[in-house]
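What follows is calculated from the coordinates using simple rules that are stated; it is not laboratory data. In this text the structure is predicted, and so the values were computed from the model without any measurement. Reconstructed Cβ throughout: ideal geometry from the backbone, glycine too, with neighbour counts over all protein chains shown.
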Amino acid sequence: MELQIRNVSKSYSNGVQALKDVSLTIPAGMYGLLGPNGAGKSTLMRILATLQEPDSGTIRLGDLDVVRQKDEVRKTLGYLPQEFGVYPKASAEELLDYFAILKGIPEKKARKEVVEALFRQTNLWEVRKQKLGGYSGGMRQRFGVAVALLGSPRLLIVDEPTAGLDPAERVRFLNLLSELGENSAVILSTHIVEDVSELCTRMAIIDRGEILLEAEPLGAIEEMRGRIWRSVIEKSALAEVEREHAVISTKMLAGRTLVHVFGEASPGPGFERAEPDLEDVYFSTMAGHIGRRSAQLEGVAS
């Protein structure tokens, strides 16, 4: 099941153009949509989830027209929005059973089997009778996935799912998403580079409503080899380095500043070649050092 997004644009009444001629091909498996807050990710996710309409463009999920056949698309779609509300006084079991009825599973025995299977799949079986108000952030996210999986969707959309989770909950949640990506197309929309790096076989970087890069993460990283340089400097020297070189990222390291610089040749004394990672790809793309490109990077990693 392939999702084809072609020339999709969307503007709001306040004049903000959230999406500008977006085209993507999303195959089965884990697909990462990476970009800063306000880049247009959530707008695109809501359009794909049939909650908004684009101003122009086409979207097809297999043989379904996402814009014109919303009811049919919703039958095969799972969506976990960034803000997922729950009824705090209801137990997880009661609420998932209720959602199963809304999803079109009226027969009690069949519904019980589906609900049990989803609680086990999301590792919530032991806490299924607890009230949702007592769930941790990670447990609530996993419950949201259980709701999204009702009806065995062929496309699952998750929007900023790990924001606010502690490290252990984040790992459990990402492992769950990885398992789901084996059987359906899963779109992971996030501003967290590590989420995409650890999970996704394909990705796109979006900013200000435009797709800046679409590639395989491993291929994009390989393309950066030999073009990333690092140095540890005093914080007071950062402004001068930024004036003289294409600094793409900085972070504190034992009271000093670690800088990564993009360049075809060594920036000079004190710099050494750095092993590139997806963060370098992301920051280089956002800084404009890597131009728009598409699936031509596909074969680099192989």
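General observations
- 23 Å tail of the calculated P(r), the stretch 165-302, as % of Cα pairs: 42
- Highest average packing first - 21-32, 2-13, 246-257, Cβ atoms within 10 Å: 21-32, 2-13, 246-257
- Taken over the chain, the percentage of Cα pairs per 10 Å bin, counting from 0 up to the bin with the maximum distance, is 6, 25, 30, 22, 12, 4, 1, 0.
- With the convex hull drawn over the C-alpha atoms of the stretch 221-297, the volume per residue is 89 Å³.
- Additional length obtainable on full extension of the chain from GLU107 to HIS289, 0.36 nm per residue less Cα span: 59.8 nm
- The chain - percent relative contact order, Cα under 8 Å, separation 6 or more: 21
- Comparing Cα centroids, the stretch 248-265 and the stretch 1-72 end up 35 angstrom apart.
- Counting other Cβ atoms within 10 Å as a rough exposure proxy, the listed residues THR190, THR122 run THR190, THR122 from fewest neighbours to most.
- Residues in the stretch 189-207 reached by a label modelled at ASN123 [backbone nitrogen below 20 Å; 7 Å Cα→Cβ]: 194-200
- Given LYS41/LYS131; LYS41/LYS70; LYS20/LYS251; LYS89/LYS112, the pairs whose alpha carbons are separated by over 25 Å: LYS41/LYS131; LYS20/LYS251
- In loop segments of the stretch 140-170 as defined by DSSP, there are no trypsin sites (Lys or Arg not before Pro) with at most 13 further C-beta atoms inside 10 Å of their C-beta.
- Considering only GLU234, GLU222, GLU279, the Gaussian network model of the chain with Cα springs below 10 Å gives its largest mean-square fluctuation to GLU234.
- Relative contact order of the stretch 129-278: 18 percent, from C-alpha pairs under 8 Å at least 6 residues apart in sequence.
- Shape category assigned to the stretch 34-175 from the gyration tensor of Cα positions, a/c cut at 1.5: oblate
- Sorting THR76, THR162 by the number of Cβ atoms found within 10 Å of their own Cβ, with the fewest placed first, yields THR76, THR162.
- If a spin label sat at a point 7 angstrom from the Cα of ARG68 along the line to its beta carbon, no backbone N atom of the stretch 1-23 would be nearer than 14 Å.
- Annotation: peptides 178-185, 267-274, ranked by per-residue average of other Cβ atoms within 10 Å with the highest first, follow the order 178-185, 267-274.
- Across the stretch 8-96, Cα-Cα pairs farther apart than 18 Å form 54% of the total.
- Simple label model, 7 Å out from Cα along Cβ direction - LYS75 to GLN4, nm: 2.1
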